[in-house]
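Heads up, the thing below is written out as structure tokens.
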Amino acid sequence: SGGSRLLERIRKWYYNAAGFNKYGLMRDDVLHEDDDVKEALKRLPEHLYNERVFRIKRALDLSLKHQILPKDQWTKYEEDHRYLEPYLKEVIHERHEREAWNKK
Amino acid sequence: KRFYSLKVAPKVSSSATAEKVKLPPASQDCEITKLPNGLVIASLENFSPASRIGVFIKTGSRYETTSNLGTAHLLRLASNLTTKGASSFRITRGIEAVGGSLSVHATRETMAYSVECLRDYVDTVMEYLLNVTTAPEFRPWEVSALQSQLKVDKAIARQNPQVGVLEKLHAAAYKNALANPLYCPDYRVGKITSEQLHHFVQSNFTSSRMALVGIGIKHSTLKQVAEQFLNIRSGSGVPGAKAVYRGGEIRKQTGDSLVHAAIVAEGAVVGSPEANAFSVLQYVLGAGPLVKRGSSVTSKLVQGVAKTTSQPFDVSAFNVNYSDSGLFGIYAISQAPNAREVIKAALNQVKAVAQGGVTDADVTTAKNQLKANYLMSVETSKGLLNEIGSESLVSGTHTSPSAAAQKIDSVATADVVNAAKKFVSGKKSMAASGDLGNTPFLDEL
């Protein structure tokens with residue numbers, strides 16, 4: 001419907017304006033590492049973890065040289081998938097469960 | 001209606017002529033059903049305030065192959081990991097909250113997951129038990145975190161030299177299956193993956209190899225639970241290899257001043273008539289001290305060896321029965337310089353029995369000791385659950401204690417002598433550990 005199309009366009013605009021895709025990063029690479037995120041990272045399967053480390057290394061290198069990737073290599077909004085999200089959700093769910101039990 | 005004895009007390013008839021104590025009449029309480037998919041359900045309603053439910057599975061270290069050794073050990077430790085219905089945290093806290101306990105007991109051939117709790121909370125713990133046995137998830141990070149537990153488990157086991165000797169005995173006596181160690185080998189710690197655990201469970205935890213046993217719970221409840229939840233994997237899974245006895249010897253030279261040595265030959269299969277004969281022979285020869293710090297007067301082995309040495313020693317008959325083989329022999333603990341005399345004297349005692357040197361009085365004493373040991377082992381609810389469960393797995397029936405006692409009584413002295421002959425003439429296997437300078441090899445015996 002028209003309303004959600006507009007929301008989608010705003011989202012895409014904001015994603016590009018945030019700029020981390022110019023370094024070739026995905027959204028889950030730039031999450032602030034609090035305790036939940038740290039625990040979720042421990043549970044990542046090896047191939048996803050290695051890809052994440054590669055992207056961060058490449059981004060650090062570019063930032064050091066004050067460069068960005070050529071436009072065709074920027075991460076596209078449609079291709080960005082939230083790889084950490086299922087693990088993060090699980091960790092947060094477990095933490096809530098623990099807190100609920102401890103309150104009882 | 002709650003009674004506090006394990007079995008419902010039989011109605012005692014008030015006849016003045018009954019003087020001797022008779023064993024209680026054949027128990028009608030234990031009900032057994034076998035579902036069409038092969039699952040056996042057994043229950044004993046004894047109206048006790050605490051219930052104990054167990055899932056017995058015909059699997060164990062014998063069903064491993066050389067590529068996945070140690071999987072059964074890790075599985076034993078993995079009973080509290082996350083399942084599809086409950087997270088690991090919830091299983092632990094949930095069972096603790098109702099005052100129950102979940103434990104796993106595994107032998108080479110059987111794994112038993114059992115929960116016990118107060119009668120009112122049976123539903124809660126049953127849910128966790130079923131989750132653990134039918135739908136574990138083995139999340140990779142939980143499995144890796146658990147591998148360090150393998151080392152702790154092994155360290156605790158190694159404190160007992162007997163454990164090491166018995167592992168080596170099985171490795172020496174068999175070519176496969178039963179030769180697999182109960183404890184994960186060192187090179188496999190840290191390498192067992194979640195996929196291997198999943199594969200092991202998928203191929204072994206099938207309905208036709210499981211038995212659901214309960215004490216203090218109604219048969220209809222168990223049956224309903226079993227039909228609804230326990231028929232996920234049908235078929236008989238991966239069949240285990242037939243154990244092939246080979247007869248070898250393994251010696252482990254350590255600096256211990258005590259030598260532990262076990263010498264066995266192939267024994268009887270579980271449930272066969274020979275098994276009873278071997279059990280009686282075990283008690284004729286002496287199966288451990290009956291009086292603390294006593295002198296084991298009725299043990300032929302101890303008396304025979306005591307004549308040859310004044311140093312401290314211990315010797316007893318060793319007997320295990322598996323579903324397709326068994327081991328029977330002697331287990332001797334002696335000071336390192338005396339090992340040769342002790343072992344030779346012990347074996348001579350068995351030879352004496354094989355040549356007919358056993359009286360009917362000896363056999364009767366042994367039978368009484370065996371009966372007493374058996375009956376006392378099923379007095380606790382844990383022992384009774386294990387007994388009902390193991391028997392349901394093997395034969396799908398239940399032998400009442402009085403029937404078992406009768407079977408023991410029917411062993412004749414000639415059977416005992418034959419069993420001893422079988423040991424003397426059979427191909428021997430040996431395992432020894434300690435300072436083995438004066439310990440004989442198999443060919444010197």
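Under 26 Å between alpha carbons, and skipping anything fewer than 8 positions from A:Lys65 in its own chain: which lysines qualify?
Of all the lysines, those that pass the test against A:Lys65 - Cα under 26 Å, at least 8 places apart if same chain - are A:Lys22, A:Lys57, A:Lys76.
Please report Rg over Rh for chain B, where both radii come from the alpha carbon positions and Rh follows the Kirkwood definition.
Ratio value, two decimals: 0.98.
How much accessible surface does B:Asp120 have with a 1.4 Å probe, in Å² rounded to 10?
Estimated to the nearest 10 Å², B:Asp120 gives 110 Å².
Among residues other than B:Asp314 whose Cβ falls under 15 Å from its Cβ, what is the net charge (Lys/Arg +1, Asp/Glu -1)?
Around B:Asp314, the surrounding residues sum to +1.
In whole Å, how far is the Cα centre of region A:42-89 from that of region B:163-177?
The two parts, judged by their Cα centres, are 52 Å apart.
Give me the percent relative contact order of region B:247-434, please, defined on Cα pairs under 8 angstrom at least 6 residues apart.
It comes to 39 percent, rounded to a whole number.
Which aspartates and glutamates, on any chain, are close to B:Lys242 with Cα under 16 Å apart, when same-chain ones fewer than 8 places away are left out?
Excluding near neighbours in sequence, the set is B:Glu64, B:Glu109, B:Glu266, B:Asp324.
Helix-only mean residue ellipticity at 222 nm, the protein assembly as shown, DSSP H runs n ≥ 4 weighted -39,500 (n - 2.57), per residue, nearest 500. What is it?
-14000 deg cm²/dmol
Greater than 29 Å separation of Cα atoms is the criterion. Which listed pairs, A:Lys42/A:Lys71; B:Lys154/B:Lys307; B:Lys151/B:Lys218; B:Lys58/B:Lys382, meet it?
Pairs exceeding 29 Å: A:Lys42/A:Lys71; B:Lys154/B:Lys307; B:Lys151/B:Lys218.
Please identify the GluC sites (Glu not before Pro) of region B:68-168 that satisfy two criteria: DSSP loop assignment and at most 10 other Cβ atoms within 10 Å. Which are they?
Sites meeting the loop and neighbour criteria: none at all.
GNM, chain B, Cα, under 10 Å: largest mean-square fluctuation among B:Ala317, B:Ala226, B:Ala361?
Of B:Ala317, B:Ala226, B:Ala361, the most mobile in the Gaussian network model is B:Ala361.
What are the ³J(HN,Hα) values, in whole Hz, obtained from phi via the Karplus relation 6.51 cos²θ - 1.76 cosθ + 1.60 with θ = phi - 60°, for each residue of region B:326-335 in sequence order, with x given for Gly and Pro?
These are the phi-based 3J(HN,Hα) values: x, 10, 9, x, 10, 10, 10, 10, 8, 5 Hz.
Take peptide B:87-93, look around each residue's Cβ out to 10 angstrom, count Cβ atoms belonging to other protein chains, and average those counts.
That average works out to 3.
Could you work out the pair-distance distribution P(r) of region A:53-104 from its alpha-carbon pairs, with 5 angstrom bin width and percents rounded to whole numbers?
For region A:53-104, the pair-distance distribution reads 4, 15, 13, 16, 12, 10, 9, 8, 7, 4, 2, 0.
Give me a single rounded figure for B:139-147: the average over its residues of other chain Cβ atoms within 10 Å of their Cβ.
Averaged over the peptide's residues, the number is 2.
Enumerate the aspartates and glutamates that B:Lys223 could reach by cross-link, defined here as Cα to Cα under 12 Å, with residues fewer than 8 away along the same chain left out.
B:Glu31
Mean-square fluctuation check for chain B, GNM, Cα pairs under 10 Å: which of B:Gly214, B:Gly271, B:Gly54 is largest?
Greatest mean-square fluctuation among the candidates belongs to B:Gly271.
Can you tell me the order of B:154-160, B:300-306, B:352-358 when each peptide is scored by its average per-residue count of other Cβ atoms within 10 angstrom, highest first?
Final packing ranking: B:300-306, B:352-358, B:154-160.
So if we plug the beta-carbon distance of B:Lys218 and A:Asp61 into 1/(1 + (r/R0)^6) with R0 = 60 Å, what FRET efficiency do we get, rounded to 0.05?
Given R0 = 60 Å and the Cβ-Cβ separation, E is 0.30.
Calculate, in nm to one decimal, what B:Asp409 and B:Val244 gain on full extension: separation in residues at 0.36 nm each, minus their alpha carbon distance.
Stretched out fully, the B:Asp409 to B:Val244 stretch lengthens by 56.3 nm.
Where does helix A:46-64 land angle-wise versus the long Cα axis of chain A, in degrees 0 to 90, nearest 10?
The helix A:46-64 is inclined about 50 degrees to chain A.
Non-local amide H neighbours of A:Leu25 (under 5 Å, H modeled in plane, Pro and chain starts lacking H): which ones?
Excluding prolines and chain starts, which carry no amide H, the hits are A:Thr75.
Exactly which GluC sites (Glu not before Pro) in region A:15-104 are in a DSSP loop and have at most 15 other Cβ atoms within 10 Å?
A:Glu33, A:Glu78, A:Glu79
Using only atoms on other chains, find how many Cβ atoms lie within 10 Å of each Cβ of peptide B:322-329 and report the average.
0
Rounded to the nearest 0.05, what FRET efficiency do B:Gln202 and B:Val424 have when you use their Cβ-Cβ distance and R0 = 45 Å?
For B:Gln202 and B:Val424, the calculated efficiency is 0.50.
Using the beta-carbon distance between B:Asp443 and B:Thr65 and R0 = 41 Å, what value does 1/(1 + (r/R0)^6) give for FRET efficiency, to the nearest 0.05?
That pair, B:Asp443 with B:Thr65, gives E of 0.80.
Return the single residue from A:Ala59, A:Ala17, A:Ala40 with maximal mean-square fluctuation; model: Gaussian network over chain A, springs between Cα atoms under 10 Å.
So, out of A:Ala59, A:Ala17, A:Ala40, the one fluctuating most is A:Ala17.
Report the semi-axes of the equivalent ellipsoid for the protein assembly as shown in whole Å, largest first, where each axis is √(5λ) for an eigenvalue λ of the Cα gyration tensor.
Ellipsoid semi-axes (Å, largest first): 57, 32, 19.
For region B:247-434, what does the accessible surface come to per residue with a 1.4 Å probe? Please give it in Å².
Heavy-atom accessible area per residue stands at 43 Å².
Counting alpha carbon pairs within less than 8 Å and at least 6 residues apart, what relative contact order, in whole percent, applies to region A:1-101?
42 percent
Taking the Cα-to-Cβ direction at A:Leu6 and at A:Val37 and moving 7 Å from each Cα, how far apart do the two end points lie in nm?
Distance between the two pseudo-spin positions: 3.2 nm.
The values are calculated or read from the model by the stated rules, or taken from the named source; none is laboratory data. Just so it is clear, the structure is predicted and the values come from calculations on it, not from any experiment. Positions of Cβ are backbone-derived with ideal geometry, glycine not excepted, and every protein chain shown enters the neighbour counts. In case anyone asks, the SASA skips ligands and DNA or RNA and just uses the protein heavy atoms, side chains included. Shrake-Rupley method; radii C 1.70, N 1.55, O 1.52, S 1.80 Å.
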